[in-house]
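A short write-up of the structure that comes next.
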C-alpha cells in the first residue's frame, strides 16, 4: 500500500497534465449533438494536418480530440443502441474520477494493404484505449477495446499497446483489467494480427501468478482472442451483450451441421452454467463495471502484496448463534452452506465466484476482520456436496489463485465423497479430482478448515485436511470423519452378519462423531459452531506471519 | 409451597402438567398451532419456573431445538412434523405424560387445548388438565348449544328469527321487533350467499321477496333467517377467570377488531370504544355465562359490538388466548399462574373491585407472511438474523424462535406477539412504532410493514375501527407505506449518506467532501448533492435540504439516524456493489439505487431487460405442498379456471389460469413440496 501511495504522488504531475485535456472534452463525450458537430469539422482537419497547415500544438490537440471520439459519433450511437458503453465510458466508470492516465493515444495502425493506409482509415489510438488508473485509490492497468474502431479488431498496434501496459503492470506490480469488445483479428493485417495475439498470450502467461489479471467480456470475443481471457485469473461477462466462442454459429453450422444461436453457443448463460469458462455474469455494462470495482477491493495488487485489509465494522468476536442449529440432525438432510458462510464472514459480504456452475462446491471471496480470505465450501444442498469433475476443477483453480496471491483459505467441509459412476470415471474424475488435492497440498497460505458434518473417504483428505498442511483444523460437534457412511461401512465390515442394524448403530457410535479424528490430532479442536467466526479471526491474526516454502522446482506439474 | 417438591414437567408445547402437594409436579406443554414459530410455552415455562414447578416440553422432530424445548427441564419428542402425527397425536402425548410422570398438562392455545377427548383421557389417568372442566369445554364448543346457554344466562345474543315467514308484512313485523338494520337470507344458504341487508320496512319487503324466491328455488327450503345486522362491527372480548368454588371475575376487555381473514392482527386493551357502563355490562354478562357452565380457569367471551354499543355474544373460548398478555399488562395478573392455581383447586385471590385498568397495552402479531399478498400469504425460510426489540422499556415479546430457526410450512406462521405498554394509548402506540422499527427479522418475509401502517393510520389512532378496517382502508390491497415528499427526501438522503459511508471506507488515498449523486426510487430519478462535514451529511435533494447524522456502522442491521433533528430507526436490509440499497424506513422496505452522476448518465444507455411473460406460466406464490392438480397437458383452460391447489401453513390456495389457453406442461404432482416461485404449470 505504501508503494502504491508513493507511485500516486510521483505521478501527480502527469495526472494533472492530462486532466486538463480530459476535462475540456468532457461535454463532447456524452453530448450527442456537440460531438456530431465536432466530427464533421474534425475529420477533414485530420486529413489536412499532414499537409502542414497547422502548428504542432494544433495537430496534437486535433489528434487528441480525434482519439477521444474513437470511430465517430455514429458508431458511438450504434454502440449505445446495442446497450453497450464506449471503450472510454467504460474506463471512466471503472476507475476513480480523473485518475485515468492514458498511454499511446497517438499510436496508429501500420497496415498499408487494402486501402488501410488512407487517412480516413487511421484513428489515433487505434481500436483500444490503454493506460493506468486507480480503483479506490489502488493502482490498476487497464485496456479497453474500442468496438467503434474497426469493430475493435486487433491490429499489430492494438496488441502492442496492450503488451506495453501489461509489461508496466508487471514491472510495478499492479493488476491488469481487460475490457474485451472485439470482433477478432484485423484481417487486413494478416499474420501481424496473429503475432499480436501471441504476444498478449505470452504476457498473460508470464504475468500469471505475478499480478492478478481480470477479463471483462463486454461484447464479442471470438476465435484466437478467447485465449487471452482464458489465461487470465477471472473472466466475467455481461448478460445478453457478450459472447465467447472459438468459432461462431455459421462455422458451426457448416462443420457440424448444428443449429445454434450466438447466445446459446457462447453467451453469458452458457459460460457461467455449462462450460465454466466465465466466473460471473452481470446484468449490463454499468452493473458489471461497478461490480468490478467492488471485486477489485478484495484483491492484492501483486504476489508481493499481502491480502488487503479494509476497515471492519463487524466485531471479530461476534458469536453466531444461528450456526448452533444449522446442521440438521438427520445426516441425510441438506442445508445451505451459504447460510454458514454469510453468517461467519464480515457483514455477510461474500463475492461468490462461479455461483451457477458446479454448485456442489462454493468458492468466493470474503473478509474476516477486514482481511480478504478465500472461502471454499462443499454445498450439501446440491448433489449432497459431493466432489465431481467440475467441482474439483472449480475448487482447484480458486485455491491456486488464493495461494498465488497470499489470500488465506478457509474451507468448510461437508463432503460425502467423490461422485461414483461411469460418466465420472470415463470423464477422468481421477485426474480432475487430483487437481483439487494438488492445489490444497501445494498451497502455503494460511489454511483453516472447519468440518461441519461429513468428511468421508478420500474427499476428507482432499478438503484441506491436516495431512495436507492445514494450519488449523476444527470440527463442529456434528462432524463425522470416516471412511464412508455407516450403512456402506457395515455392509463391508460385517458382510453376512445377521444383525446389520446393531452393527450400524455400533459404527455410528464409534465413527459418526468428531472423536476418532480428534484423538489422533487430525482436528485441533472441537468447537461450538457459534464461536467459529471468533476463532477464525483470532487464528488469522496469528497466521498472518506464516512462512512456508515448497521445495525448489522449475515449476510444479499439476495433473492437467 | 411447591418449591421443595421435585417437580417434573412435561411440555408438549404448552401445557403444564402440574401436580398437587406431594413430590412431583409436571408440566405438559401441548404444542399449540403456533408452535415452532410461535410458542406460548415459553411463557408457561417461565411461570412454572417462577412457581417452582418443573416442566416437560413435548415437540415434533423438527422442533427439537425450539426455544421451549431448551427452556423446559425435560423434553419428549412425540412424532414427525405434521401436526396430526405429533401435536395432535394423543397416544404419543399420553405416553410422554406417563414416561415422565407428569401430573398436570397445560395445553397451550391451539391443538388439543379445546379438545374434550383429550381432557377426558387425562382425567382417566388422573392427570390434571390445566383448563376448564370437560363439560364446560363441551358446552361452549358447540356453537348452537353455547348460544342457547348464553340466552338462558341472560347474555345478549344476536336477535333473530329462523323459520317460515308467510308474508312480507310478517317479515316487516319481525324486522321491527329485532330492530334495524336486519339481515335477511335463506336459512339453507351458506355463508354470505343471498344475504340482503335492510335498513327500513321497504327494503325488508324487497329482501323478503328475493330471499324467499331464492330459498324456494335454490334450496327447496323456504325457511328464512332474519337476524340483526351488525354494522361496522367491532370484535371485543372479555377475559374471565373462574375457580372451582363458583367464583368468577371479569378482567376487562380486549379490542380485537383489526383482522384479516378472521384472524386477529392488532389487539389492544382496553378498547377506546367502551365506556365504563358498557364495560361493566359486558363483564357481568360474561361472568354470568361462565357461572352458568360452572366454568373454572381462564376463558374468553367474545362479543360483537355495533356502532351504538349494543353487544352480542359470539362464542366463548375455553383456553388461554394468544392475546392474553395485554390483559396481564393492564391488570397486573399472571393468567398462567392463576390457571395453575385454579387447577390446583385454590380459590381466586382477587375480588372484582381489585381488578384495575392501569395504562394501555397494544399487541401486534408478527407473522412470517407477505402482507402485500391479500394482507398476508405465508412465507417460509430460515431466520438468518433475528433480534427482538427488548432493549426498549415496556416492550414484551412472546416468541418461541431464535436466530437460526427454520420457519417451515407445517405450522401457523406466527413469529411472535409483540406487546407494548404505556400509561396512555398514545404512549403505548408510540412505543409500538419504536418496537417495530427496532425489530430485526431477516430470512423470511414478515408483516411489520402492515403492522406499522395500521398503528400509525389516522383512523386507527382515532379509534375508528371495525372488523372491516383492512379492506376499507386498503381497498386495492396493501401497498406499503406511501411516501410523501418530506419522507421521500429523508429516505433518499439516508441512502445517499449510507452509500458515501461505504464508498469512503473503500477509498485508500482520496478524501472527498462533496458528491453529486443520482438515486432511483420506484419510477423516479432524483439528483442529489451531498456535502459531508464531520459526521453530518447535508443532502440537497428534490428541492429540499436534509441533514443526516448517525453512528455509521456498516455491519449493523439497525441504522439509528438523526434526520433533520428527528431520531429515526432505519434498517439496512441489503447493499450491493451496483448501488442498490434496500432500507426499511417507516416499516416498509424501499429499494433505492444510488449511483454517481456519471454512472447514472451512462446507465441511461442500458436497455431495460424484458421480463418473462408471466401469463403463460404459473409459479407457486408461496412455499407449500401441492394438494391437487386439476389439469393435464393438452387441456384447454378458461381464464380464472383452477389449475392446482397449494397448501401452505394449513391454508389451501387455489391457483388459477391468467388467460384462456392450452396446457403445455405440468411440472408438479400432488403431494410434492414446492418452493416460492417454482414453476408449476406452463400454458401455451
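Residue check: is residue A:267 within 30 Å of residue A:115 (Cα to Cα) and touching a strand residue (DSSP E or B) at 6+ places or on another chain (Cβ under 7 Å)?
So residue A:267 fails the test.
When residue A:125 is evaluated against the numbered criteria (1) on the phi < 0 side of the Ramachandran plot; (2) more than 12 Å from every other protein chain (Cβ to nearest Cβ), which criterion, by number, is the only one it fails?
Every listed condition holds for residue A:125 apart from (1).
Name every residue in region A:298-309 that is within 14 Å of chain B (Cβ to nearest Cβ), crowded, with 18+ Cβ neighbours inside 10 Å and at pLDDT below 95, in order of residue number.
The answer is A:305, A:308.
How many of the residues making up region B:178-208 are modelled with pLDDT of 75 or more, under 22 Å from residue B:314 (Cβ atoms) and surrounded by fewer than 13 Cβ atoms within 10 Å (Cβ to Cβ)?
1
Residue B:546: under 29 Å from residue A:346 (Cβ atoms), touching a strand residue (DSSP E or B) at 6+ places or on another chain (Cβ under 9 Å) and assigned to a strand (DSSP E or B), yes or no?
So residue B:546 fails the test.
Only one of these conditions is not met by residue B:607: (1) over 23 Å from residue B:516 (Cα atoms); (2) more than 10 Å from every other protein chain (Cβ to nearest Cβ); (3) surrounded by fewer than 15 Cβ atoms within 10 Å (Cβ to Cβ). Which number is it?
(2)
Would you please name the residue that is nearest to the other protein chains (Cβ to nearest Cβ), looking only at residues in region B:63-86 that are without any contact (Cβ under 8 Å) to a residue 60 or more places away in the chain, in contact with a strand residue (DSSP E or B) (Cβ under 8 Å, 6 or more places away or on another chain) and farther than 16 Å from residue B:100 by Cα?
The selected residue is B:64.
If you take the residues in region A:329-342 that are more than 9 Å from chain B (Cβ to nearest Cβ) and out of contact with any strand residue (DSSP E or B) (no Cβ under 9 Å at 6 or more places or on another chain), which one is modelled with the lowest pLDDT?
Among those that are more than 9 Å from chain B (Cβ to nearest Cβ) and out of contact with any strand residue (DSSP E or B) (no Cβ under 9 Å at 6 or more places or on another chain), it is A:332.
Starting from residues that are in a helix (DSSP H, G or I) and in contact with a helix residue (DSSP H, G or I) (Cβ under 6 Å, 6 or more places away or on another chain), keep the ones in region A:266-291 and report whichever is farthest from the other protein chains (Cβ to nearest Cβ).
Once the filter is applied, the top-ranked residue is A:289.
Return the total of residues in region B:620-647 being in contact (Cβ under 8 Å) with a residue 24 or more places away in the chain and either in a loop (DSSP other than H, G, I, E, B) or assigned by the TED database to the domain that holds residue B:368 (or both).
Total meeting the criteria: 9.
What is the one condition in (1) modelled with pLDDT under 85; (2) surrounded by fewer than 17 Cβ atoms within 10 Å (Cβ to Cβ); (3) under 25 Å from residue B:262 (Cβ atoms) that residue B:151 does not satisfy?
Just one mismatch for residue B:151, condition (1).
Exactly one of (1) in contact (Cβ under 8 Å) with a residue 24 or more places away in the chain; (2) more than 14 Å from every other protein chain (Cβ to nearest Cβ); (3) touching a strand residue (DSSP E or B) at 6+ places or on another chain (Cβ under 8 Å); (4) closer than 26 Å to residue B:434 by Cα is unmet by residue B:565. Its number?
Going through (1) in contact (Cβ under 8 Å) with a residue 24 or more places away in the chain; (2) more than 14 Å from every other protein chain (Cβ to nearest Cβ); (3) touching a strand residue (DSSP E or B) at 6+ places or on another chain (Cβ under 8 Å); (4) closer than 26 Å to residue B:434 by Cα one by one, residue B:565 breaks only (1).
What helices (runs of 4 or more DSSP H), lying completely within region B:81-162, carry at least 2 residues that are closer than 23 Å to residue B:46 by Cα and either assigned by the TED database to the domain that holds residue B:312 or more than 24 Å from the chain's Cα centre (by Cα) (or both)?
In region B:81-162, the matching helices (runs of 4 or more DSSP H) lie at B:90-100.
In the list B:549, B:527, B:506, which residue meets the criterion of being surrounded by fewer than 21 Cβ atoms within 10 Å (Cβ to Cβ) and within 14 Å of chain A (Cβ to nearest Cβ)?
Within the list B:549, B:527, B:506, the selection yields B:506.
Within region A:208-227, count every residue that is within 23 Å of residue A:298 (Cβ to Cβ) and surrounded by fewer than 22 Cβ atoms within 10 Å (Cβ to Cβ).
Here the count works out to 3.
Taking residue B:498 as the residue in question, decide whether it is in the same structural domain as residue B:545 (by the TED database), assigned to a helix (DSSP H, G or I), within 31 Å of the chain's Cα centre (by Cα) and crowded, with 21+ Cβ neighbours inside 10 Å.
So residue B:498 does not fit the description; no.
So, in region B:357-399, exactly how many residues are out of contact with any helix residue (DSSP H, G or I) (no Cβ under 8 Å at 6 or more places or on another chain), surrounded by 19 or more Cβ atoms within 10 Å (Cβ to Cβ) and part of a loop (DSSP other than H, G, I, E, B)?
The total comes to 4.
Please find, within region A:74-95, the residue that is nearest to the other protein chains (Cβ to nearest Cβ) out of those that are part of a loop (DSSP other than H, G, I, E, B) and surrounded by fewer than 20 Cβ atoms within 10 Å (Cβ to Cβ).
Per the criteria, the residue is A:83.
For region B:571-588, does any single residue satisfy the condition of being more than 9 Å from chain A (Cβ to nearest Cβ), over 33 Å from the mean Cα position of the chain (by Cα) and assigned to a loop (DSSP other than H, G, I, E, B)?
Looking for residues that are more than 9 Å from chain A (Cβ to nearest Cβ), over 33 Å from the mean Cα position of the chain (by Cα) and assigned to a loop (DSSP other than H, G, I, E, B), one finds none in region B:571-588, hence no.
Please verify whether region A:77-96 includes one or more residues that are farther than 30 Å from residue A:294 by Cα and either touching a strand residue (DSSP E or B) at 6+ places or on another chain (Cβ under 9 Å) or touching a residue at least 60 places away in the same chain (Cβ under 8 Å) (or both).
no
Can you tell me how many residues in region B:589-604 are touching a residue at least 24 places away in the same chain (Cβ under 8 Å) and more than 7 Å from chain A (Cβ to nearest Cβ)?
10
What number of residues within region B:454-495 satisfy the criterion of being in contact with a strand residue (DSSP E or B) (Cβ under 6 Å, 6 or more places away or on another chain) and in a loop (DSSP other than H, G, I, E, B)?
Final tally of qualifying residues: 5.
Taking the conditions exactly as written (buried (at least 20 other Cβ atoms within 10 Å of the Cβ), in contact (Cβ under 8 Å) with a residue 60 or more places away in the chain, within 13 Å of chain B (Cβ to nearest Cβ) and in contact with a helix residue (DSSP H, G or I) (Cβ under 9 Å, 6 or more places away or on another chain)), does residue A:314 satisfy them or not?
It is false that residue A:314 is buried (at least 20 other Cβ atoms within 10 Å of the Cβ), in contact (Cβ under 8 Å) with a residue 60 or more places away in the chain, within 13 Å of chain B (Cβ to nearest Cβ) and in contact with a helix residue (DSSP H, G or I) (Cβ under 9 Å, 6 or more places away or on another chain).
The values are calculated or read from the model by the stated rules, or taken from the named source; none is laboratory data. Keep in mind that this is a model prediction, so the values were computed, not measured. Cβ: placed from backbone, ideal geometry, glycine included. Neighbour counts: every protein chain shown.
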